[in-house]
1. Can you give me the number of residues within segment 78-121 that are in contact with a helix residue (DSSP H, G or I) (Cβ under 9 Å, 6 or more places away or on another chain) and within 24 Å of residue 342 (Cβ to Cβ)?
2. Which ones in segment 120-138 are closer than 21 Å to residue 80 by Cα and over 16 Å from the mean Cα position of the chain (by Cα)?
3. Just give me the residues in segment 113-132 being buried (at least 24 other Cβ atoms within 10 Å of the Cβ) and not in a helix (DSSP H, G or I), in sequence order.
4. Can you name the residue in segment 254-268 that is in a helix (DSSP H, G or I) and under 13 Å from residue 311 (Cβ atoms) and is also modelled with the highest pLDDT among such residues?
5. Can you tell me how many residues within segment 335-358 are part of a loop (DSSP other than H, G, I, E, B) and at pLDDT 95 or above?
6. State all residues of segment 222-232 that are in contact with a helix residue (DSSP H, G or I) (Cβ under 9 Å, 6 or more places away or on another chain) and crowded, with 16+ Cβ neighbours inside 10 Å; if no residue qualifies, say none.
7. Among the residues of segment 200-221 satisfying the criterion of being surrounded by 15 or more Cβ atoms within 10 Å (Cβ to Cβ) and in contact (Cβ under 8 Å) with a residue 60 or more places away in the chain, which is farthest from residue 338 (Cα to Cα)?
8. When you scan segment 181-199, how many residues do you find that are surrounded by fewer than 20 Cβ atoms within 10 Å (Cβ to Cβ) and in contact with a helix residue (DSSP H, G or I) (Cβ under 6 Å, 6 or more places away or on another chain)?
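The values are calculated or read from the model by the stated rules, or taken from the named source; none is laboratory data. Source: prediction; values computed, not measured. FYI the Cβ positions are ideal-geometry reconstructions off the backbone, even for glycines, and counts take in every protein chain you see.
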């Protein structure tokens, strides 16, 4: 049987963790990638290209490594923190994987095919204004025009997107660290890490995430750049299509189909088993899989499906609350992220300094 897209993705991510034969074969291409990345940064740094600046502070949260290091949970945690302090945040994104190039105001019922998975998830989880566009500057300008009360913008992804001026940039890592330390396509890195001192557009803060049952991972960093840690865990409950809740204990002992259309599905499956759930079937879909890939999961014979919140964006649209009983029960299990308090204090300190500039 030929491997599917999810299997090929998993194999490439695994290969990029080591400097094996495949990585060494691709290493010359990574040198070319480094040169092109450096040239692009230099053109922005000297003013040949000018980043678009906005009238409110912009916080960019992004990955230095490919494969989903936890930027979206970080954005959600920051939105919740800033709202608690009285800020009025909005979120912008390119909306990777969507089928539209238009500027879109992501609403509760906006199809994920139009908004992208992560923007739909952020809108559902926070309720704050979320706009997507191919050019993030366009998304930001449209958001501020429609929601003038917004006084801070968070950009989900975009650490390497230099066309939007940022006031604070946060690089997120997970337990993979920097992989084999090489740039794409020989390794996981989107940009050289750690950046040399004085490198333009380098991140201001680093947040390293780990599972609650795993030790912390060390990531090399530039001197003077603060490094913080966060713990991620599955919530103690699952959420249904109609916002109903059920405890994870109530799902224990049931035969479950686990679905994950994320960069690394096995991580989600491992976390489910660690919480005592019985997985009779594991369905690993490619990251940003089309909604059609989920349809077959909801056909008879009836079963109980557990998935990530990202997958629920598409699965819930296929099974609205009140659907017939022959369809599967679908439960999304939220991922909770708990950064150390010092991380939020560092963000607050940056924003306090920015208030005098905006």
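1. 10
2. Narrowing segment 120-138 to residues closer than 21 Å to residue 80 by Cα: 120-132.
Those that are closer than 21 Å to residue 80 by Cα and over 16 Å from the mean Cα position of the chain (by Cα): 127, 128, 129.
3. Residues of segment 113-132 that are buried (at least 24 other Cβ atoms within 10 Å of the Cβ), as a first pass: 115-122, 130-132.
Matches in segment 113-132: 116, 130, 131, 132.
4. Start the filter on segment 254-268 by keeping residues that are in a helix (DSSP H, G or I), which leaves 265-268.
From the residues that got through so far, the ones that are under 13 Å from residue 311 (Cβ atoms) too are 265, 268.
Working: 265: 92, 268: 95.
Here the answer is 268.
5. Within segment 335-358, the first condition is being part of a loop (DSSP other than H, G, I, E, B), and the residues that meet it are 340, 355-358.
Those left that are additionally at pLDDT 95 or above: 340.
The total comes to 1.
6. Filtering segment 222-232 down to residues in contact with a helix residue (DSSP H, G or I) (Cβ under 9 Å, 6 or more places away or on another chain) leaves 226, 228-230, 232.
Within segment 222-232, 228, 229, 230, 232 meet the criteria.
7. If we filter segment 200-221 for residues that are surrounded by 15 or more Cβ atoms within 10 Å (Cβ to Cβ), which is where we start, we get 201-211, 217, 219, 221.
Adding the requirement that they be in contact (Cβ under 8 Å) with a residue 60 or more places away in the chain leaves 201, 203-205, 207, 209, 211.
Numbers: 201: 27, 203: 21, 204: 20, 205: 16, 207: 11, 209: 9, 211: 10 Å.
Filtering segment 200-221 for residues that are surrounded by 15 or more Cβ atoms within 10 Å (Cβ to Cβ) and in contact (Cβ under 8 Å) with a residue 60 or more places away in the chain, the one farthest from residue 338 (Cα to Cα) comes out as 201.
8. Counting residues in segment 181-199 that are surrounded by fewer than 20 Cβ atoms within 10 Å (Cβ to Cβ) and in contact with a helix residue (DSSP H, G or I) (Cβ under 6 Å, 6 or more places away or on another chain) gives 2.
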